[in-house]
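The values are calculated or read from the model by the stated rules, or taken from the named source; none is laboratory data. Just so we're clear, the structure is a prediction, and the values are computed from it rather than from any experiment. In this analysis, Cβ positions are derived from the backbone assuming ideal geometry, glycine residues included, and neighbour counts consider all displayed protein chains. Accessible surface is based on the protein model in full, side chains and every heavy atom, while ligands, DNA and RNA are left aside. Shrake-Rupley method; radii C 1.70, N 1.55, O 1.52, S 1.80 Å.
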Amino acid sequence: MDTVASLLVLLILPQLVVPEVPTVSFRAVVEIVGDNSRIFTGESVRLRCSIPEDSRSDWKYLWFRGGQQILQSDGEFSLWNAKVQQSGKFSCQGVRDTVVGNMHTVRSLPVEINVDGGWAILQVSPHPGIVGDTLNMTCRIRGDRPANNMILYRDGVEVIRQNGNKSHFYLTNLTLEDQGMYSCRASWEIRRRTHSVVSVANYVQILEVLSQPVLEIVVDNDLKRLNKIKLLCHVEYNTRAFAPPIHYYFYRDNNQLGTATSEGRDLVRRAPGLYSCKVKVPELGLLRWSEAKSFGQIAGT
């Protein structure tokens, strides 16, 4: 009888629900203060972590080099008197206390810090260049020795030669052909003897302002019942400052479907044919076409 009573009491008591620790979908962002991702041994570099989608100030931060966590909780992290072995890919993650536990952001994309033990460094922005822009590179000598001349190389071929102590190289009106591995050579004289050093090569990526779009055709059971297909036009749009809007156009057999849209998607009647999309930025005079994709049974093929 006591056993039955105990079971009844357990059934009557409310079930305890353990709340789940909340998570957020936005990502932390890590940036290099000063944009110098390559430094000499003995120098310092500072990293900053932020949560762009949440302006609250009660965030703490976790720092990582590779997969290993660093003992640091502030929004800034510094390498002082850096050593070569401290080179690596650094990332951060936001964490905040809640009533049910710690809430974490998605870990940031990593930035790479290179600590160079040599005599010359070519400093390049960690951000890719964009077609039409100007790219600035700086060739530094350890101890800031005055140089007689400096040479910039791309993939081992001389690009720019400068006489005198001019450490900055400017590539103007960038094209895709400017992408490659860059290094610099610096020369100076001490007691009538010429010293020459070459930096480690850096990869420089150049992006188009508007990439070639890619068309995606989506069909699912709900769309089949509606006799529709969804067209998605994927494109990369790279600009530094104000970005004029993109206009999207969709075509079947070179015939435009509907009017231009500001979104890269459209729902159209299901029909066989060759589909494509066009993206246009009128303010910049840019226009790109996707490759055509066939859908359904096309007569004669």
Would you please name the residue that is surrounded by the fewest Cβ atoms within 10 Å (Cβ to Cβ), looking only at residues in segment 176-193 that are closer than 11 Å to N149 by Cα and out of contact with any His (no Cβ under 6 Å at 6 or more places or on another chain)?
-> E189
Residues being assigned to a loop (DSSP other than H, G, I, E, B) and surrounded by 12 or more Cβ atoms within 10 Å (Cβ to Cβ) - total across segment 227-262 | 10
Is it true that G143 is more than 14 Å from Q123 (Cα to Cα) and either among the β-branched types (V, I, T) or loosely packed, with under 13 Cβ neighbours inside 10 Å (or both)?
-> yes
Candidate set from segment 91-105 (those that are touching a Pro at 6+ places or on another chain (Cβ under 6 Å) and surrounded by 15 or more Cβ atoms within 10 Å (Cβ to Cβ)); member that is modelled with the highest pLDDT = S91
Segment 263-289 - residue that is within 17 Å of E216 (Cα to Cα) and of a type in the set (G, A, S) and, of those, surrounded by the fewest Cβ atoms within 10 Å (Cβ to Cβ) | A271
Residue match in segment 115-128 (condition: among the charged types (D, E, K, R), part of a strand (DSSP E or B), open to solvent by 50 Å² or more (accessible area, probe 1.4 Å) and out of contact with any Leu (no Cβ under 7 Å at 6 or more places or on another chain)) | no
With respect to N102, determine if the residue is over 23 Å from N238 (Cβ atoms), out of contact with any helix residue (DSSP H, G or I) (no Cβ under 9 Å at 6 or more places or on another chain) and not hydrophobic (A, V, I, L, M, F, W, C).
-> yes
Taking segment 142-160 and keeping residues more than 29 Å from the chain's Cα centre (by Cα) and in contact (Cβ under 8 Å) with a residue 12 or more places away in the chain leaves R142, R145, P146, A147, N148, N149, M150, I151
Can you run down the residue pairs with Cβ atoms below 6 Å, 6 or more apart or on separate chains, where the first is in segment 236-261 and closer than 15 Å to L207 by Cβ and the partner is open to solvent by less than 70 Å² (accessible area, probe 1.4 Å) and not aliphatic (A, V, I, L, M)?
-> E236/S211
So which residues in segment 34-58 are modelled with pLDDT of 90 or more, more than 16 Å from R142 (Cα to Cα) and of a type in the set (S, T, Y), if there are any at all?
-> S50
Search segment 183-197 for residues that are under 12 Å from S167 (Cβ atoms) and without any contact (Cβ under 8 Å) to a residue 12 or more places away in the chain and pair each with any residue that is among the hydrophobic types (A, V, I, L, M, F, W, C) and in a strand (DSSP E or B) when their beta-carbon atoms are under 8 Å apart and the residues are at least 6 apart or on different chains.
-> none
Could you list, in sequence order, all residues of segment 161-175 that are touching a residue at least 40 places away in the same chain (Cβ under 8 Å) and open to solvent by less than 90 Å² (accessible area, probe 1.4 Å)?
-> L171, L174, T175
Only one residue in N81, N36 is polar (S, T, N, Q) and touching a strand residue (DSSP E or B) at 6+ places or on another chain (Cβ under 6 Å), so which one is that?
-> N36
Restricting attention to segment 194-225, which residues are over 21 Å from N149 (Cβ atoms), among the aliphatic types (A, V, I, L, M), outside any helix (DSSP H, G or I) and open to solvent by less than 70 Å² (accessible area, probe 1.4 Å)?
-> V204, I206, L207, V209, L210, L215, I217, V218, V219
Does at least one position in segment 62-72 carry a residue that is open to solvent by 60 Å² or more (accessible area, probe 1.4 Å), modelled with pLDDT of 75 or more, closer than 27 Å to S125 by Cβ and not in a strand (DSSP E or B)?
-> yes
